[in-house]
Structure formats: C-alpha cells, structure tokens
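The values are calculated or read from the model by the stated rules, or taken from the named source; none is laboratory data. Here the structure is a predicted model, which means the values were calculated and not measured. Counting neighbours? That spans all protein chains shown, and the Cβs are built from the backbone with ideal geometry, glycine included.
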Ligand SMILES: [Zn+2]
C-alpha cells in the first residue's frame, strides 16, 4: 500500500458507534452564561425561550476529565494537556507542541505516512479519542435535548464572598446566582467514528462511571451538578457490512438507520475486558 493509500484508508469511515442516554440531574445545577441573569448576578445559559441549555461542549469537556482519570486503570496514557504534570508527550500540550513544531513540519514534509506516524506517536490515548490540534476528534457529544420543560425551573440562590485570610464571610459582599432545580432530564447522544478497541474501552469505562454518577457544570464544590445516566442504549453501523450499510445510507428514520448492539453493559464490558486482555 502506498503512503497516500494508507493516509486515505485512515480517513475512510468504516464504522460508527452511537450511544443514547438520558442525563438526569440529581441536584440543582448551573452552567453559567458568563453574564448577569435577568434576576441575579450570575445567570445560567438559556435558549431564546428561557429554557436551560446543556451544551455538548460542556458534556464533552467533563467526559474528557472522566476519561483522563480512568485512563491509568486501563493502562492508557493521558497527557492532561500538560507534559510537565503528566510526563506524557502529546501535541495537545500547547507549550510542548510549540517546542516541537519544527519536528511536526519536518514529518509533514516526509509525506503523509511520516506525518501520520508522528501524529500517532505524539498523541496520548485520551487525545486520540477527544482530538488535538493535529488530529480530529473521534467522539462527538450532542447538545442535551430538554425532556420536560416544565421541570426546568430556574432558582436564585444567595452566595457570600469568603475572606481568604479569615475564612469568614466578608462584610457586605453578597451576591446571588441562578441554578436549575434538581430533576432536569436531557437526552444526549455520543457518536464515535472508527473507534479502536482502546477508544471503546475508555469511553465504556466512562459510561459505567456516569451511570453511577458524576458532576457537571459550576459550583460542584457546593454540591451542585450531580447527575447520572439512565436508559443507556448502544447502536452501531458497520459500513463494511452490506446490509447495515444499505440501511444506514437509505433510511431517513434514525431508529431504523442504526443497528441495535444489545445491552450496553455487556457491549462495553466486553470491550473493556478484551482491551485489558490484549495488553501485556
Ligand atoms: Zn493528549
């Protein structure tokens, strides 16, 4: 195979895995708008109809942290976007990459094969899934679809500014902030393109963690943002399987396009075990 063919082969979409889940907030939560809210100093992110938004980027950022924390247990490398802290060389660490930019350029001048080898070598296992400045992400997280708008009530809470020296409330420095009450439910989707066994093991381990519960958004140290996943379903398409390929390419109905892959615990449990067994 010529280097050009190897390069194109890597870009070709061969299989996709889709996970659908309901994200349920067990406590109040907030994803800040970065601005004042209509009724408070710190607003939450709302759509034009005044309903709370759960951005896919927030879900993805949090999922990345969960994967970073779980990677060592799976024998995988995580750069933590910081070479000095993690000891892992990865192009996602801006400081590390700026020092090695010339090597990257030289690898590119050596042809697509040499560039691919460089990128593969200097991308940690977490960035292989979540992307880096030199490599596209293999995972996408949808924005949350709010399931029952009437439950998504915005509440204003009081906060006090704590004096760093005395650890007591600073006189006269009060502020308030918006939260969304507990019980909000969102449907979310995760799409993985051409995942390797390691990618699926890492993502699967994060799913098990999230099914049990994790945190998302701001002020989690004050008990906000606890959530868990429910009704997790796993679907897929293997574009090298003629029947699945035709159904995926010709079906306008999302429920029919994808092939159900069975119970998610079994699907990802097997991936994790296979991944661990394949490691020395
Ligand atoms: Zn990395």
Every residue in the range 245-273 that is closer than 23 Å to residue 204 by Cα, assigned to a helix (DSSP H, G or I) and without any contact (Cβ under 8 Å) to a residue 60 or more places away in the chain, please. 254, 255, 257, 265, 266, 270, 273
Specify which of the listed residues (27, 39, 66) is out of contact with any helix residue (DSSP H, G or I) (no Cβ under 6 Å at 6 or more places or on another chain), crowded, with 16+ Cβ neighbours inside 10 Å and under 30 Å from residue 153 (Cβ atoms). 27
Return the residues of the range 207-225 that are assigned to a strand (DSSP E or B) and over 21 Å from residue 264 (Cβ atoms); say none if nothing qualifies. 215
Scan the range 52-65 residue by residue and report those that are more than 15 Å from the ligand (Cβ to nearest atom) and either on the phi > 0 side of the Ramachandran plot or touching a strand residue (DSSP E or B) at 6+ places or on another chain (Cβ under 6 Å) (or both). 52, 54, 56, 59
Which number in (1) surrounded by 17 or more Cβ atoms within 10 Å (Cβ to Cβ); (2) more than 11 Å from the ligand (Cβ to nearest atom); (3) more than 21 Å from residue 198 (Cβ to Cβ) marks the one condition that residue 118 misses? (3)
Would you confirm whether or not the range 236-251 contains a residue that is in the same structural domain as residue 74 (by TED's automatic domain parsing), surrounded by 10 or more Cβ atoms within 10 Å (Cβ to Cβ) and within 22 Å of the chain's Cα centre (by Cα)? yes
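Here is a yes/no grid of residues against (1) within 16 Å of the ligand (Cβ to nearest atom); (2) modelled with pLDDT under 90:
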residue: 122; (1), (2): yes, no
residue: 152; (1), (2): no, yes
residue: 159; (1), (2): no, yes
residue: 166; (1), (2): no, yes
residue: 173; (1), (2): no, yes
residue: 190; (1), (2): no, no
residue: 209; (1), (2): no, no
Could you check residue 87 against (1) exposed (fewer than 12 other Cβ atoms within 10 Å of the Cβ); (2) touching a residue at least 12 places away in the same chain (Cβ under 8 Å) and say which number it fails? (2)
On the given criteria, is residue 229 over 17 Å from residue 189 (Cα atoms), crowded, with 18+ Cβ neighbours inside 10 Å, touching a residue at least 12 places away in the same chain (Cβ under 8 Å) and touching a strand residue (DSSP E or B) at 6+ places or on another chain (Cβ under 7 Å)? no
Which numbered condition residue 43 fails, given (1) over 28 Å from residue 279 (Cα atoms); (2) within 16 Å of the ligand (Cβ to nearest atom): (2)
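Given the residues 74, 129, which is the only one that is within 14 Å of the ligand (Cβ to nearest atom), surrounded by 14 or more Cβ atoms within 10 Å (Cβ to Cβ) and within 27 Å of residue 273 (Cα to Cα)?
Only one candidate passes the filter, namely 129.
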